[in-house]
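> Here it is, the structure, as structure tokens.
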Amino acid sequence: MESPFKSDVLKGKVALLTGGGSGIGYEISEQFGKHGASVAIMGRRKEVLDAAVSALESLGIRAIGLQGDVRKQEDAARVVESTVKHFGRLDILVNAAAGNFLAASENLSPNGFRTVMDIDSVGTFTMCHEALKYLKKGAPGREDSSSGGFILNISATLHYTATWYQIHVSAAKAAVDSITRNLALEWGTDYDIKVNGIAPGPIGDTAGMRKLAPNEMAIVARDSMPLYKLGEKWDIAMAAIYLASNAGKYINGMTMPVDGGLWLSKPRI
Ligand code: HXC
């Protein structure tokens, strides 16, 4: 689908995206690139990163792939440093890496719970922490910018209510939303950095949907949700461009649900 944004809204920006090699993370990488940004994508699997970088380069996007696991602080630090070394600056960090599986609470081991908290919540904080010095107003490489950088945390709507077999992810994304608000307060005040989130609803053609909603469930959901359809990765990427561009310059500390209103929905009486 064609973008409603001008193709230079992110011109000159450098973005680092965790989980940027696949799914929603890849779509944001591609759309950021199509709108003028250079992109560094971080992920655990080299073959996924290589394929994503080739695809981005074939679209004329400046891209590099950096292997790493957000659960390891040394990986986070190395990937941030490599991004700045390669592109000369860092303007945008997108935390899109996530882990998920369905498990009833009574069958979920504490290590399973911890694994998702480590990827989604601690991983998000670690990446923000390592990127901070390059995102500050006047940081090395971005002296030309009149403001600090931007952090976007990909969240979910699961924890707005309660979601069956998703206690680990609900807890992890609730923590992500708190990280978004607290960093927006502290780093917005001290460094002019904006921190926002996007909470995608059910988005077609993603690992999340394949894991959480087998086909028939997706069809049932489509008939019972506001707007009557699954979202597209494109919907998330457009929201991301809005928040990352100058259009979103006064938005800070907010997590925007992009779910067609699904989280509000209740059975009709
Ligand atoms: C119960 C499970 C499990 C399952 C893993 N565990 N899978 N428990 N049911 N299906 C438990 C293991 O038993 C283990 O605990 C612990 O979790 C760690 O498992 P590992 O396999 O060692 O972890 P790891 O190899 O690091 O893999 C992490 C992962 C994996 C999260 C489990 O699925 C992953 O890497 N996923 C990344 C890709 C992904 O999930 N993308 C989708 C994101 S979608 P024990 O006690 O046995 O040691 C998303 C959308 C959310 O986030 C909202 C949608 C609306």
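The values are calculated or read from the model by the stated rules, or taken from the named source; none is laboratory data. Only a predicted model underlies this, so the values are computations on that prediction, with no experimental measurement involved. Cβ atoms come from the backbone with ideal geometry, glycine included; neighbour counts cover every protein chain shown.
> Of the residues in the stretch 248-269, how many are of a type in the set (A, V, I, L, M), more than 15 Å from Leu158 (Cα to Cα) and modelled with pLDDT of 95 or more? Lay out the reasoning, then the answer.
Pass one, the stretch 248-269, residues of a type in the set (A, V, I, L, M): 251, 254, 256, 258, 262, 264, 269.
Then drop every residue that is not more than 15 Å from Leu158 (Cα to Cα), which leaves 251, 254, 269.
Restricting the remaining residues to those that are modelled with pLDDT of 95 or more gives 251, 254.
Residues that pass the stated criteria total 2.
> Take Ile236 and tell me if it is at pLDDT below 95 and within 12 Å of the ligand (Cβ to nearest atom). Write out each step before concluding.
On the way: at pLDDT below 95: no; within 12 Å of the ligand (Cβ to nearest atom): yes.
For Ile236, the condition - at pLDDT below 95 and within 12 Å of the ligand (Cβ to nearest atom) - is not met.
> Those residues that are of a type in the set (Gly, Ala, Ser) and within 16 Å of the ligand (Cβ to nearest atom), I need them from the stretch 77-100; list them, please.
Here is the first cut: in the stretch 77-100, the residues of a type in the set (Gly, Ala, Ser) are 77, 82, 88, 96-99.
Passing the criteria: Ala96, Ala97, Ala98, Gly99.
> Next question, about the same structure. Of all residues in the stretch 74-123, which are acidic (Asp, Glu) and either farther than 24 Å from Ala139 by Cα or without any contact (Cβ under 8 Å) to a residue 40 or more places away in the chain (or both)?
From the stretch 74-123, those acidic (Asp, Glu) are 74-75, 81, 91, 106, 118, 120; that's our starting set.
Result: Glu74, Asp75, Glu81, Glu106, Asp118, Asp120.
> Now a separate question. Suppose we keep only residues that are in contact with a Lys or Arg (Cβ under 7 Å, 6 or more places away or on another chain) and not in a helix (DSSP H, G or I) within the stretch 152-192. Which one would you say is nearest to the ligand (Cβ to nearest atom)?
The residue in question is Ala156.
> Quick check on the stretch 129-136. Is at least one of its residues away from the ligand (no atom under 16 Å from the Cβ), exposed (fewer than 14 other Cβ atoms within 10 Å of the Cβ), assigned to a helix (DSSP H, G or I) and modelled with pLDDT of 95 or more? I'd like the intermediate steps shown before the answer.
Within the stretch 129-136, the first condition is being away from the ligand (no atom under 16 Å from the Cβ), and the residues that meet it are 129-136.
Checking which are exposed (fewer than 14 other Cβ atoms within 10 Å of the Cβ) leaves us with 133.
Now restrict to residues that are assigned to a helix (DSSP H, G or I): 133.
In the following step, the residues that additionally are modelled with pLDDT of 95 or more were identified as 133.
The answer is yes, given that some residue of the stretch 129-136 is away from the ligand (no atom under 16 Å from the Cβ), exposed (fewer than 14 other Cβ atoms within 10 Å of the Cβ), assigned to a helix (DSSP H, G or I) and modelled with pLDDT of 95 or more.
> Oh, and also: List pairs: first residue in the stretch 8-37 and free of Cβ contacts under 8 Å to residues at least 12 places away in the same chain and more than 14 Å from the ligand (Cβ to nearest atom), second residue part of a loop (DSSP other than H, G, I, E, B) and of a type in the set (Asp, Glu) anywhere in the structure, Cβ distance under 6 angstrom, at least six positions apart or on different chains.
Every condition considered, no pair remains.
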